[in-house]
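The values are calculated or read from the model by the stated rules, or taken from the named source; none is laboratory data. Values in this document were obtained by computation on a predicted structure and should not be read as measured data. With ideal geometry, Cβ positions are generated from the backbone for all residues, glycine too; neighbour counts draw on all protein chains shown. With ligands, DNA and RNA removed, areas are computed over all heavy atoms of the protein, side chains included. Shrake-Rupley method; radii C 1.70, N 1.55, O 1.52, S 1.80 Å.
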Amino acid sequence: MTEGITAEALDQLQDVEGIVVDEVPGMSIHYIALNTTKEPLTDKRVRQAISHAIDFDAIIEGVYLGHAIRLNSPVPKGLFGQDDSVPVFHYDKENAQKLLAEAGYADGFTLEFLLADFGTWVQVATVLQAELAELNITVNISKFAWPTYLEKIMSGEHDLCMMGWSPDFADPDQNMHTFLHSVNFGTGWNFTLYKNDEIDDLLMQARSTTDRAKRQAAYTKIATIAYEEVPYLWVAQRNTRNAH
């Protein structure tokens, strides 16, 4: 028995007689946190422009080799609390340029993208770097060993950083609260330093009831606000693949 087989190896195993590769959406997600306390990322129009400037579908096909799906919130598909009605930003360079001009950044700016030196993360960052260069946005990528990386992003040294996450239990509170409640700045894994009082209140309301309908309504509202405010770029929900 083995685990952690690469996507490339699993693709090869699919063609081996006597081996079956099963694939289903997993709970593991990858995302990019935007430090909303640093200019020009303090302006949500800039954050929206960045989201419009990236072809996430191409990243899923080119980086994840099609073995992932796009997210619309921190709650992965298949987990209670996820809602397909919450929109995602579509790839639209023209709209991105318009938003940057409205925000006063038509001539571009520079962002520091900090990363742990993981292959998939570096590939995603490289795609983002190329996409934003078309909008006169320079993205400097800096790679670090994991302990150093955590220290830097917990200290808020980043403009952008990439992370992965898998919930410890099958409830949306862990993902939603961890990423979006202001109490979790820095060491609590809200590396966006984003604060929204309405989201904080909704998170606590959802925590204080067992009524699933009320909880779902709260999480849908939270995800919709986060879509508009763009503290995160939800990159991908990775599929779980097993060979037997």
Checklist entry - Distance in nm between label sites at residue 110 and residue 187, each 7 Å beyond Cα in the beta-carbon direction? => result 3.2 nm
Next on the checklist: Can you tally the lysine pairs in the chain where the Cα-Cα distance is under 17 Å and the two residues are eight or more apart, or on different chains?
Outcome noted: 8
Item to check | Potential extension, residue 243-residue 14 segment - 0.36 nm per residue separation minus Cα distance | outcome: 81.6 nm
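Under the 0.36 nm per residue contour assumption, what length would be gained going from the current alpha-carbon distance of residue 204 and residue 44 to full extension?
55.2 nm
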Next on the checklist: How many angstrom lie between the Cα centre of the range 183-242 and the Cα centre of the range 63-126?
Outcome noted: 16 Å
Checklist outcome for this item: If R0 = 25 Å, then residue 138 and residue 93, at their Cβ-Cβ distance, give a FRET efficiency to the nearest 0.05 of 0.90
Checklist outcome for this item: Dividing the mean separation of Cα pairs under 8 Å (6+ apart) by the residue count of the chain yields a relative contact order in percent of 36 percent
Checklist entry - Give me the log10 of I(q) over I(0) for the range 75-176 at q = 0.12, 0.13, 0.21, 0.22 Å⁻¹, as the Debye formula computes it from C-alpha points; what are the numbers? => result -0.58, -0.67, -1.13, -1.13
Item to check | Kirkwood Rh, Cα atoms: Rg over Rh of the chain | outcome: 0.97
Checklist entry - Between residue 157 and residue 65, what is the FRET efficiency for a Förster distance of 41 Å, r being their Cβ-Cβ separation, to the nearest 0.05? => result 0.80
Checklist entry - Roughly speaking, to the nearest percent, how much of the chain's 1.4 Å accessible area is carbon and sulfur? => result 49 percent
Item to check | Nitroxide proxy distance, nm - points 7 Å out along Cα→Cβ at residue 21 and residue 77 | outcome: 1.9 nm
